[in-house]
Amino acid sequence: AASCADISCRVEVLSVAIEAGATTLNIPDTVGYATPEEYGALFRRLMAETVPEILWIESIRPRRMLYMSPRYEQIWGRPLGDFKRDPEAWIQGVHSEDRDDVKSAWKRWLAGEGEGRLDATFRIVRPDGEARWIHSRGTLIRDERGKPYRGSGIAEDVTEERRSQEALAEAQTEL
């Protein structure tokens, strides 16, 4: 029997079961069974309440955002509804000086270039004009032929860390 120890593996297995039409799911490490709707609600509530980072899962073909945690609205300052019309809506918030590099890195990653890992730090500009630093990490989920069909990851607001590093560098320069 195969084992699925990490949460991203479990989410992927349950997502595949739901897409295949499962009507009841046995959720590992819980007290029982759930319908796909109950599982989705539980997953969203847990992610919204406990994880400070943005979690996301997207389909590559067809291109669409499958899940974006509510933390996105708090950090980016933009509505989750934007993803219903455009899976790349988040890119509009990327700072204009960083946008081309981020788009290029994202496209290479989705194409499966390299190790299939994304690791990017960039600035965003919220609608209120505030700039924030984001560290985004992702991994590709591949089909049986090795072709990427999903991407998932986390995006973390590292603004305070970045400001501390800049202040330290400035203080060291003054010495």
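The values are calculated or read from the model by the stated rules, or taken from the named source; none is laboratory data. Note that the structure is predicted; figures quoted are calculated from it, not measured. All Cβ positions, even for glycine, are placed from backbone atoms using ideal geometry, and neighbour counts span all protein chains on display. Protein only, heavy atoms only, side chains kept; ligands, DNA and RNA dropped before computing areas. Shrake-Rupley method; radii C 1.70, N 1.55, O 1.52, S 1.80 Å.
Here are the numbers:
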{"item": "Top-ranked residue of segment 117-175 - restricted to ones that are of a type in the set (D, E, K, R) and in contact with a Lys or Arg (Cβ under 6 Å, 6 or more places away or on another chain), ranked as most open to solvent (accessible area, probe 1.4 Å)", "result": "Asp119"}
{"item": "Segment 109-124 residues that are within 16 Å of Arg99 (Cβ to Cβ), paired with ones that are open to solvent by 20 Å² or more (accessible area, probe 1.4 Å) and among the aromatic types (Phe, Trp, Tyr) (beta carbon under 9 Å, 6 or more apart)", "result": "Thr121/Trp133; Phe122/Trp133; Arg123/Trp133; Ile124/Trp133"}
{"item": "Segment 148-162 residues that are among the aliphatic types (A, V, I, L, M), paired with ones that are open to solvent by 20 Å² or more (accessible area, probe 1.4 Å) and in a strand (DSSP E or B) (beta carbon under 8 Å, 6 or more apart)", "result": "Ile154/Leu55; Ile154/Arg137; Ala155/His135; Ala155/Arg137; Val158/Thr121; Val158/Trp133; Val158/His135"}
{"item": "Qualifying positions in segment 128-144 - at pLDDT below 95 and assigned to a loop (DSSP other than H, G, I, E, B)", "result": "Asp143, Glu144"}
{"item": "Residue that is surrounded by the most Cβ atoms within 10 Å (Cβ to Cβ), among those in segment 66-103 that are of a type in the set (A, V, I, L, M, F, W, C) and over 16 Å from Ser136 (Cα atoms)", "result": "Phe83"}
{"item": "Tyr72, sole failed condition from (1) farther than 27 Å from Val16 by Cα; (2) assigned to a helix (DSSP H, G or I)", "result": "(1)"}
{"item": "Breaking point among (1) of a type in the set (Asp, Glu); (2) loosely packed, with under 11 Cβ neighbours inside 10 Å; (3) part of a loop (DSSP other than H, G, I, E, B), for Glu113", "result": "(2)"}
